[in-house]
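> One structure, as structure tokens, below. Some questions next.
The values are calculated or read from the model by the stated rules, or taken from the named source; none is laboratory data. Just so you know, these numbers come straight off a predicted model, no measurement behind them. Cβ atoms come from the backbone with ideal geometry, glycine included; neighbour counts cover every protein chain shown.
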Amino acid sequence: MSQKDIRFSILAAFLIGVLSLPTINNNLPGYSFNTRILIALTLIVLTLIGLTALRFLSRWVSIFWQMAKFIVVGGLNTFLDFAILNLLIAATGITAGGEFSLFKALSISVAIINSYLWNKHWTFETKGGGKGEFIEFLIVSLVGLGINVGSASILVNYVTPFFGLGPVNWANLSALIATFLGLVWSFLGYKLFVFKKTS
């Protein structure tokens with residue numbers, strides 16, 4: 001593992017832990033401060049363990065390391081997306097309707113910009129590319145945005161919450177399901193179309 005991989009791995013794990021706090025605070029209000037911090041620290045440790053395990057396995061299947069980095073960047077983007085979304089929900093109390101869709105579009109847009117930077121410089125490690133590469137990235141990401149926001153909006157606005165979940169928990173579960181639906185599209189689109197030249 002290179003020094004760059006070690007630095008990016010530690011930074012990504014730390015950011016995941018920090019960015020998890022708004023979501024934890026909004027969805028688990030009854031938990032103590034210490035428990036919330038413990039959950040964030042656990043996410044940091046699990047991220048590092050997962051990266052280390054997949055790096056080890058990449059000795060036999062080389063794509064495992066690139067997939068591990070993509071998954072961690074995806075996790076970072078998800079926690080950034082959810083942090084912004086939960087801060088907006090906490091600030092306004094809005095958990096459905098057109099305002100929720102606007103919040104989700106804003107939060108995922110910030111995560112998409114973050115995704116480009118991390119995937120370009122760490123996951124796929126491409127050099128150059130310039131405006132054309134970013135435009136390709138935006139096209140793939142806009143389709144992913146449509147999948148993400150569309151499926152989250154359909155779930156939160158048209159599906160009755162399962163398991164007796166409250167509005168905040170249902171909004172977050174809907175956003176999580178939407179994230180997984182967009183994840184498959186994003187990996188294939190970025191690998192096959194955007195960063196294909198040197199990945």
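> Please work out which one of (1) free of Cβ contacts under 8 Å to residues at least 60 places away in the same chain; (2) crowded, with 18+ Cβ neighbours inside 10 Å; (3) more than 17 Å from the chain's Cα centre (by Cα) is the condition L28 fails and give its number.
Checking L28 against (1) free of Cβ contacts under 8 Å to residues at least 60 places away in the same chain; (2) crowded, with 18+ Cβ neighbours inside 10 Å; (3) more than 17 Å from the chain's Cα centre (by Cα), the one that fails is (2).
> Of the residues A111, A175, which is crowded, with 20+ Cβ neighbours inside 10 Å, under 14 Å from the mean Cα position of the chain (by Cα) and either of a type in the set (K, R) or under 21 Å from A68 (Cβ atoms) (or both)?
Checking each option against the conditions leaves just A111.
> So, one more: Can you pull out every residue in the stretch 146-167 that is buried (at least 18 other Cβ atoms within 10 Å of the Cβ) and closer than 20 Å to I94 by Cβ?
Selection gives N148, V149, S151, A152, S153, L155, V156.
Yes/no matrix, rows are residues, columns are (1) of a type in the set (S, T, Y); (2) closer than 27 Å to Q3 by Cβ; (3) in contact (Cβ under 8 Å) with a residue 12 or more places away in the chain:
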{"residue": "T95", "(1), (2), (3)": "yes, no, yes"}
{"residue": "F100", "(1), (2), (3)": "no, no, yes"}
{"residue": "L155", "(1), (2), (3)": "no, no, yes"}
{"residue": "V184", "(1), (2), (3)": "no, no, no"}
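> Test S62 against the stated conditions and say whether it is at pLDDT below 90, hydroxyl-bearing (S, T, Y) and either surrounded by 12 or more Cβ atoms within 10 Å (Cβ to Cβ) or more than 18 Å from the chain's Cα centre (by Cα) (or both). Break it down into steps so the answer makes sense when it comes.
Working: at pLDDT below 90: yes; hydroxyl-bearing (S, T, Y): yes; either surrounded by 12 or more Cβ atoms within 10 Å (Cβ to Cβ) or more than 18 Å from the chain's Cα centre (by Cα) (or both): yes.
So S62 fits the description; yes.
> Please report, ordered by residue number, the helices (runs of 4 or more DSSP H) entirely within the stretch 89-199 with at least 1 residues that are touching a helix residue (DSSP H, G or I) at 6+ places or on another chain (Cβ under 7 Å) and farther than 30 Å from N25 by Cα.
Output list reads 130-158, 167-189.
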